[in-house]
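Please read the structure below before turning to the comments.
The values are calculated or read from the model by the stated rules, or taken from the named source; none is laboratory data. Remember, predicted model here, so these are calculated numbers, not experimental data. When we count neighbours, we look across all protein chains shown, and the Cβ atoms used for this are built from the backbone with ideal geometry, even at glycine. To get the accessible areas, we keep the full protein, side chains included, count just its heavy atoms, and leave off ligands, DNA and RNA. Shrake-Rupley method; radii C 1.70, N 1.55, O 1.52, S 1.80 Å.
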Amino acid sequence: MRCTEGLPFCICEGLELWVVPPLLEGVRHTAVRSLESCDDDSAVIGLEGLDSIDEAERLVGRYLLAHAEDLDLDPQEDMVLVLGCRAVSDDGRELGRVTEYLETKANDVLVITREDGSELLVPVIEETVVAVPEDDGEPLVLHLLDGLEEL
């Protein structure tokens, strides 16, 4: 299994899944029985009700969907979901839009493109991320550390 590009990998054992588009015969609703991670966005999974390679091959090219509330999404780890969001500072200033998410060895970085076209780089750390939007239209609220805007 691979995650859809741009989405975080958040599959866990016991997670309920629905096959889309559904099969005419066979498994339409299942749960993750076993999970062996391959890399950051793929894994080998065992699904309840699938006991042979032939049954598993029928799922190739289909999506496995889960209820969002069943997913273990950590806002600090899954900041890629804020791409395109409006960003504001915790003191009420408009910062711009989140246009890029960079993964680095030290910590991940959000690229905020300002109205004038300049970019603000904000590390994704506990001290900077104040509030992640829960609904469309809500902004991402960031605390800008001293000196961050001068970089």
Quick one: accessible surface of E100, probe radius 1.4 Å, all protein chains present, in square angstrom to the nearest 10. 80 Å²
Separation of the R33 and L71 label points, Cα + 7 Å toward Cβ, nm: 2.5 nm
Which order do the peptides 49-55, 91-97 come out in when sorted by mean C-beta neighbours inside 10 angstrom, highest first? 91-97, 49-55
For the chain, the accessible surface attributable to carbon and sulfur atoms (probe 1.4 angstrom, ligands and nucleic acids excluded) amounts in percent to 49 percent
Give the accessible surface of the chain per residue, rounded to a whole number of Å², with probe radius 1.4 Å and ligands, DNA and RNA excluded. 66 Å²
Descending principal axes extents, the chain, alpha-carbon based, whole Å: 59, 31, 24
For region 82-151, Kirkwood radius (reciprocal of mean inverse C-alpha pair distance, Å): 12.1 Å
So what's the Cα pair-distance distribution over region 19-63, bin width 5 Å, in %? 5, 20, 30, 28, 13, 4, 1
